Amino acid sequence: MKSPLTNEIKYFDYNATHPPIAEILETCLADYLSGFYNPSGITRFSLKNQGKIEQTRKFFANLTNGQEKQFVFSATGTEANYLLIQSLRALYPNLDSVIVSPLEHSSMYAALESYGFTSDLIHTDHSGIINLQDLEKKLKENPRPVVCLYAGNETGVIQPAEEISKLTKKYDQLFYSDLMQGFCKTDVPFSVFDGYTFSGHKIGGGMGAALTYLPKSDPSFHLFGGGNQENNHRAGTENIFAIECFKQVAEIQMKDLEKKNKRLSAFQSLIEEKLESLGCKIIAKLSPRLPNTTFLILPIQAVDFFLLGMEEKGILVSTGSSCKSRAREASKSLLHMGYSDEEALSCIRISTGYFTTEEDVKTLLSNMEDLIHKFQ
């Protein structure tokens, strides 16, 4: 597949959004232009499009060993997370709090608050892994559902999902997870989760489609009303173009996963070895992590100028989760991990992916070295 990136841009922000896989989007766009009919209509052309949506739902059910009717398409990862938490409220109308990791995307905390849940945060440390003893203590004292993402948006740390699942089953509780960063980036043990979410733009499918897997099919609640789309869970005409892109890109990413990760793991080692020699500190280096993600503390104070300098050289990195990076707030995940405000504000995230080349990595490292020396 050909990269949509120009030679002037070296892109290292895959965790924010994956560059679209152009051939897939172009093919799906051609199909959409010739078959743009509303999938909720009554004509055979509309029914054909509804059939495409159901085939895609079946594809994801087969991929994850889930139940078709429990998958709900929406537009964004944030929306998917809201639907996931709304399903929790529908199951437990009187529940006041949920056990939650301190490492979630901001949309998950917002969804919990919106549906009237307080978050009882699980302890963690510099490893970025939740404390299983603290989790069991909370479950024992007050059994409640658990929300814990699988892979960290910033650190890339992979949580011990199987162990978490054993504890939730021991206390007869549900286990929900945000799989936005893990899906199509590593092997995901889908069967251990009762409900989860993932999104198309994180894997190269472009914006416009995300999925929520509900713990059971229950049409008694809906994120939006006014129509019976998505088994009554989300009114509104489905984005058939984005949904088809989502499916086809997922097929490619899963097919190439092992080969891709071997390459990205080699890049990660190269990046981290060089940056440590320049005085950078790699966050959670010894923890299980996504092979595409490096989160590090720069050995300089002028982080904003550093980022501007990188951008002027055509190199794009980030300070962390894209929904919060513009605010330049200290990462709450890092603060919960025990880092100081100063350390958290000195962090950047480097995330690679499908189109990253060795030449890109070498360009990244040479320019980072120049700028670190300049600002020290």
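The values are calculated or read from the model by the stated rules, or taken from the named source; none is laboratory data. Fair warning: this is a prediction, and the values are worked out from it, not measured in the lab. Methodologically, a virtual Cβ is constructed for each residue, glycine included, from the backbone with ideal geometry; neighbour enumeration extends over all protein chains shown. SASA here: full protein model, heavy atoms, side chains in, ligands and nucleic acids out. Shrake-Rupley method; radii C 1.70, N 1.55, O 1.52, S 1.80 Å.
Some observations on this one:
- The stretch 164-187: number of residues that are in contact with a Leu (Cβ under 9 Å, 6 or more places away or on another chain), open to solvent by 10 Å² or more (accessible area, probe 1.4 Å) and assigned to a helix (DSSP H, G or I): 2
- Within the stretch 188-200, considering residues that are touching a helix residue (DSSP H, G or I) at 6+ places or on another chain (Cβ under 7 Å) and of a type in the set (Val, Ile, Thr), the one least open to solvent (accessible area, probe 1.4 Å): 197
- Some residue of the stretch 213-224 being in the same structural domain as residue 61 (by the TED database) and of a type in the set (Gly, Ala, Ser): yes
- A residue that is among the β-branched types (Val, Ile, Thr) and within 29 Å of residue 140 (Cα to Cα) occurs somewhere in the stretch 209-226.
- Checking each residue in the stretch 201-260 for being under 12 Å from residue 72 (Cβ atoms), within 17 Å of the chain's Cα centre (by Cα) and either surrounded by fewer than 19 Cβ atoms within 10 Å (Cβ to Cβ) or polar (S, T, N, Q) (or both) picks out only 212.
- Residues in the stretch 2-39 that are under 24 Å from residue 71 (Cβ atoms) and open to solvent by less than 60 Å² (accessible area, probe 1.4 Å): 15, 17, 18, 20, 21, 24, 25, 28, 35, 39.
- The lone exception for residue 111 - which of (1) surrounded by fewer than 21 Cβ atoms within 10 Å (Cβ to Cβ); (2) part of a helix (DSSP H, G or I); (3) hydrophobic (A, V, I, L, M, F, W, C) it fails: (1)
- So residue 284, is it part of a loop (DSSP other than H, G, I, E, B), open to solvent by less than 50 Å² (accessible area, probe 1.4 Å) and in contact (Cβ under 8 Å) with a residue 40 or more places away in the chain: yes
- Taken as a whole, the stretch 66-77 holds at least one residue that is without any contact (Cβ under 8 Å) to a residue 40 or more places away in the chain and either open to solvent by 10 Å² or more (accessible area, probe 1.4 Å) or in a helix (DSSP H, G or I) (or both).
- Any chance residue 317 is touching a residue at least 12 places away in the same chain (Cβ under 8 Å) and either open to solvent by 10 Å² or more (accessible area, probe 1.4 Å) or closer than 23 Å to residue 149 by Cα (or both): yes
- Enumeration of residues in the stretch 131-157 that are open to solvent by 50 Å² or more (accessible area, probe 1.4 Å) and either β-branched (Val, Ile, Thr) or within 24 Å of the chain's Cα centre (by Cα) (or both): 131
- Residue in the stretch 320-335 that is surrounded by the fewest Cβ atoms within 10 Å (Cβ to Cβ), counting only those that are in a helix (DSSP H, G or I) and modelled with pLDDT of 65 or more: 335
- Filter result (in contact with a Gly (Cβ under 8 Å, 6 or more places away or on another chain) and assigned to a helix (DSSP H, G or I)) within the stretch 20-37: 24, 25
- Among the residues listed as 251, 238, 272, 244, the single one being in a helix (DSSP H, G or I) and in contact with a strand residue (DSSP E or B) (Cβ under 8 Å, 6 or more places away or on another chain): 272
- Meets criteria (touching a helix residue (DSSP H, G or I) at 6+ places or on another chain (Cβ under 9 Å), assigned to a loop (DSSP other than H, G, I, E, B) and among the hydrophobic types (A, V, I, L, M, F, W, C)) for residue 130: yes
- Search result, residues across the stretch 204-239 that are modelled with pLDDT of 95 or more and either among the polar types (S, T, N, Q) or within 19 Å of residue 58 (Cβ to Cβ) (or both): 205, 209, 210, 211, 212, 213, 214
- Flag for residue 89 being farther than 16 Å from residue 199 by Cβ and either assigned to a helix (DSSP H, G or I) or of a type in the set (Ser, Thr, Tyr) (or both): yes
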